[in-house]
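The values are calculated or read from the model by the stated rules, or taken from the named source; none is laboratory data. Quantities reported herein were computed from a predicted structural model and do not represent experimental measurements. Note that each Cβ is placed from the backbone with ideal geometry, even for glycine, and that neighbours are counted across all protein chains shown. Ligands, DNA and RNA are excluded from the accessible area calculation, which covers all protein heavy atoms including side chains. Shrake-Rupley method; radii C 1.70, N 1.55, O 1.52, S 1.80 Å.
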Amino acid sequence: MRAALITLAALSLAACGSRAPLAPLEGTSLPPAPHGANDRPEPEELLELEALAAPERSVELRRRSEEREDDPFDLPPN
């Protein structure tokens with residue numbers, strides 16, 4: 001019985017994904033064009049993240065421990 005429930009749950013989760021291209025729902029339209037733009041963006045363009053929303057990592061991870069420099073703002077509580 002338990003194996004059947006696990007199989008049913010896995011099949012229902014697998015059916016959730018959609019591989020069809022994005023499109024607005026019937027009876028609705030895409031958002032209006034941004035101010036100053038001539039045309040409206042496509043659905044895929046609306047899903048792209050801006051550089052500030054998902055920045056690239058700009059520092060290399062530390063490979064070994066290193067001594068920290070003194071922090072002048074690390075003060076004990078008053």
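Find, among the trypsin sites (Lys or Arg not before Pro) in the chain, those assigned to loop by DSSP (not H, G, I, E, B) with at most 13 other beta-carbon atoms within 10 angstrom.
Values: sites: Arg2, Arg19, Arg57, Arg62, Arg63, Arg64, Arg68; in loops: Arg19, Arg57, Arg62, Arg63, Arg64, Arg68.
For trypsin sites (Lys or Arg not before Pro) across the chain that sit outside H, G, I, E and B with at most 13 neighbouring Cβ atoms in 10 Å, the list reads Arg19, Arg57, Arg62, Arg63, Arg64, Arg68.
Each helix, a run of at least 4 DSSP H residues, gives -39500 (n - 2.57); summed and divided by the residues of the chain, these come to -6500 deg cm²/dmol at 222 nm. Its Kirkwood hydrodynamic radius, worked out from the mean inverse distance over all distinct Cα pairs, puts the chain at 19.9 Å. With N the number of residues in the stretch 16-61, Rg(Cα) / (2.2 N^0.38 Å) evaluates to 1.65.
Which percent of the accessible area of the chain is formed by carbon and sulfur heavy atoms (probe 1.4 angstrom)? Spell out each step's value before the answer.
Numbers: 4790 of 8630 Å².
Carbon and sulfur atoms account for 55 percent of the accessible area of the chain.
Working note: Karplus 6.51/-1.76/1.60 with θ = phi - 60° gives the stretch 64-76 the couplings 8, 6, 9, 5, 7, 6, 5, 9, x, 9, 8, 9, x Hz, where Gly and Pro are set to x.
Put Asp70, Asp39 in order of accessible area, highest first, and with a 1.4 Å probe you get Asp70, Asp39.
Of Pro31, Ala20, Pro72, which is farthest on the positive side of the dipole of the chain, counting Cα position, with +1 on Lys and Arg Cβ, -1 on Asp and Glu Cβ, and the Cα centre as origin? Most positive-ward Cα: Ala20.
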